[in-house]
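Here the structure is laid out as structure tokens; the discussion comes afterwards.
The values are calculated or read from the model by the stated rules, or taken from the named source; none is laboratory data. For clarity, every value in this text was computed on a predicted model and none was experimentally measured. We place every Cβ from the backbone using ideal geometry, glycine too, and count neighbours over all the protein chains shown.
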Amino acid sequence: MNNKKTNPTKPQLASLSFIVALWTAGIIAIAMTAYAIWQYYIYPGISVGELIRNHLWHVLVLGVVIYASLWACFRRLLIQPLNRIYLHLYAVGKGQLGTLEIESNIREIQTIVEGINLMTGRMGRVADPKSLSLAQEDVRIIIEQVHSLSAEQPDAFSAITDRLVDLEKIILDLAQVEPSRPASTPKKERKT
């Protein structure tokens, strides 16, 4: 029993290897037909049936050999890596952010793999839940230190104090957002 659900409005898609092999077979058939027509005009004594028999087996043999070669080539170099990429992306959708490793000599496949690894690497980085509270504590300590220094010169540090209070408000706003949102930069170690 097939567990895959199919969408009745979505057309069935053919594989890339089948499409390329089909086009190649069509081009061979057209070329052999053109060659047969050219032979018919060069050798007027040859019958049409004889031309068809002579060229039909060429077309069939070449078509089968080229189809099999292209199918094997596309399957090994393109279809199998794309299937592995698909399975990895499916796993990423389920939360498994592992590295994708595919050995391929195809530049486009390697570019896709590098992009997926970059994406999953960035998705895996999350902000440290303690970082907001540590930042709030640092701002509070700096404000206290500036206040104690400004007791001697009240107007000298008022601009700095105002900016620190604004920064503290921004940090409090950020604390209201999801604490485990992805970080845009790597975590910095806190100096104690």
For this session: Return yes or no: is L100 modelled with pLDDT of 75 or more and either surrounded by 10 or more Cβ atoms within 10 Å (Cβ to Cβ) or among the aliphatic types (A, V, I, L, M) (or both)?
Result: yes
Exercise. Can you spot a residue in the stretch 86-94 that is on the phi > 0 side of the Ramachandran plot, not in a helix (DSSP H, G or I) and not aromatic (F, W, Y)?
Worked result: no
Exercise. Mind checking whether some residue in the stretch 47-60 is outside any helix (DSSP H, G or I) and free of Cβ contacts under 8 Å to residues at least 24 places away in the same chain?
Worked result: yes
Exercise. Does the stretch 162-177 contain at least one residue that is among the small types (G, A, S) and modelled with pLDDT of 80 or more?
Worked result: no
Problem set entry | Residue identified as more than 23 Å from A14 (Cβ to Cβ), in a helix (DSSP H, G or I) and not acidic (D, E) among Q145, Q80 | Q145
Exercise. Looking at the stretch 25-35, is at least one residue touching a Phe, Trp or Tyr at 6+ places or on another chain (Cβ under 8 Å), in contact (Cβ under 8 Å) with a residue 24 or more places away in the chain and either surrounded by 12 or more Cβ atoms within 10 Å (Cβ to Cβ) or hydroxyl-bearing (S, T, Y) (or both)?
Worked result: yes
For this session: Tell me which residues, restricted to the stretch 111-127, are in a helix (DSSP H, G or I) and either touching a Lys or Arg at 6+ places or on another chain (Cβ under 9 Å) or modelled with pLDDT of 85 or more (or both).
Result: T111, I112, V113, E114, G115, I116, N117, L118, M119, T120
Seminar exercise, completed: The correct count of residues that are surrounded by 13 or more Cβ atoms within 10 Å (Cβ to Cβ) and within 30 Å of P81 (Cβ to Cβ) in the stretch 36-65 is 2
Exercise. Being surrounded by 13 or more Cβ atoms within 10 Å (Cβ to Cβ) and farther than 28 Å from L16 by Cα, is that true of even one residue in the stretch 71-92?
Worked result: no
Seminar exercise, completed: In the set S158, S184, S150, the lone residue that is among the small types (G, A, S) and at pLDDT below 65 is S184
